[in-house]
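The values are calculated or read from the model by the stated rules, or taken from the named source; none is laboratory data. No experiment lies behind these values; they were computed from the predicted model shown. Every residue, glycine as well, gets a Cβ built from its backbone with ideal geometry; the counts of neighbours run over all protein chains shown.
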C-alpha cells in the first residue's frame, strides 16, 4: 500500500503563498484600472524583465511556445530553411520550428550537461542552415560563448529557449541575452505566473517591435494590419503577478541552489548528478539524477512518500507527432530520457526535506 506523499514534487500554492498579499493588491489595481489587455502591467513588466535579462527590450506574449513561434516567424527565414535544435529538449522547441515551415535538424547533447554539444553543431550545418536554437535545459545555460563563435563564423542567428533557465548565466552573462531569448512563465518555472505567459527578449529594438506587432494580429495601429499576425498577448493580470515575483527571482534561484548543494553533498556518487562548473551559474529549475534503474527508484521513493517526476520520458524523435518529420538515430538523447529522474527542488522545500530525499536514495543502494 502506498503512503500519502510526505514530500511533494511541486505544490504551487506553497511556492507562491509568500506573494499572496501582493497578488491581491495586483488584482485590486487591475480591476480598478479598467484596462485589461496590454496595459500598464504588461508595459512595466516588459521594462523590468528586459533590464533583468540585460537585453534592453522585451515583448510579453501568451506562452513559451508562442515566444518561440513568433520569434522564428519574425526572423523571416525562407520556407524549408534549416534550424539546428538539440535532440534532447521538450517537444515545444521543435514544434515552433515546424509550425514556421522550417526543418529542424537535431544535434545530440553533451551527456554531462544535457545541453546541445557545440562540437557536434558544425557537421550539421548546410547551405540551408539559418539558425541555432539553443535550449538551456533544467536551469543550466548552454555553452553560449562557443555557440556565439559558431554563429558568427557561419552567419547564423542565435535563438535561445530560456523556458527553464531564468537567471542562469554563462561566464557572467544572463541566458536570453546572447541572441533572441524566448521565455516561458508557466507556473512551475522559477519565474512562474499563475497561468500561462511568455516573452521574447532581444537587444534589437526593431526586432522586439516586430514581435509586438505579430502578437496583436499583425497590427501596430488599431485596425491596421500590416502582416499576418497572431493573438498572443501576455495577460495583463499575469504581468502584474510576474512583476512581483521578479523581485524575488534571485532569492528563488539562490534557494534552489542551496537545495541542490545538499544533494551534491549527501547523495551517493553512484547516482549521476548534474555537472557544475565555475563558468556557469545554474538555477536548478529541475534537479536531475540519472540511474539505469530509474523506474524502480521512482517507485521506491513513492512508497517512501517522496514524489518525483521524469523530464522527459520520451525524446522528441520518438513522439507520434514527430513521425515523418524527425529522421535519424539519437542514442544519447534516448539514454538521457531512459535514465533521468527529477528530484524535489521547489522554492517551498527545505534543506532538511532535500536531505531526507538524498538519504532515502542512498538507502535504496544498500
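Quick look at the numbers
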item	result
Subset of segment 114-141 [more than 15 Å from the chain's Cα centre (by Cα) and assigned to a loop (DSSP other than H, G, I, E, B)]	117, 121, 125, 126, 127, 128
Test: residue 125 is more than 17 Å from residue 315 (Cβ to Cβ), in contact with a helix residue (DSSP H, G or I) (Cβ under 7 Å, 6 or more places away or on another chain), crowded, with 19+ Cβ neighbours inside 10 Å and in contact (Cβ under 8 Å) with a residue 24 or more places away in the chain	no
Selected residue (only one of 133, 156 is at pLDDT 95 or above, crowded, with 24+ Cβ neighbours inside 10 Å and in contact with a strand residue (DSSP E or B) (Cβ under 7 Å, 6 or more places away or on another chain))	133
Meets criteria (more than 23 Å from the chain's Cα centre (by Cα), at negative phi and in contact (Cβ under 8 Å) with a residue 60 or more places away in the chain) for residue 268	yes
Number of the condition not met by residue 65 [criteria: (1) farther than 21 Å from residue 208 by Cα; (2) out of contact with any strand residue (DSSP E or B) (no Cβ under 7 Å at 6 or more places or on another chain)]	(1)
Residue that is surrounded by the most Cβ atoms within 10 Å (Cβ to Cβ), among those in segment 228-276 that are in a strand (DSSP E or B) and not assigned by TED's automatic domain parsing to the domain that holds residue 350	235
Segment 175-211, residues that are surrounded by 18 or more Cβ atoms within 10 Å (Cβ to Cβ) and out of contact with any helix residue (DSSP H, G or I) (no Cβ under 8 Å at 6 or more places or on another chain)	176, 177, 181, 189, 208
Exclusive hit being modelled with pLDDT of 95 or more, assigned to a helix (DSSP H, G or I) and under 30 Å from residue 99 (Cβ atoms), set 311, 285, 317	317
Hey, residue 349 crowded, with 19+ Cβ neighbours inside 10 Å, modelled with pLDDT of 95 or more and assigned by TED's automatic domain parsing to the domain that holds residue 253 or not	yes
Subset tally (residues that are in contact (Cβ under 8 Å) with a residue 60 or more places away in the chain, within 13 Å of residue 89 (Cα to Cα) and surrounded by fewer than 20 Cβ atoms within 10 Å (Cβ to Cβ)) for segment 323-334	1
Extreme residue, nearest to residue 175 (Cα to Cα), among residues of segment 197-227 that are more than 20 Å from the chain's Cα centre (by Cα) and in a loop (DSSP other than H, G, I, E, B)	204
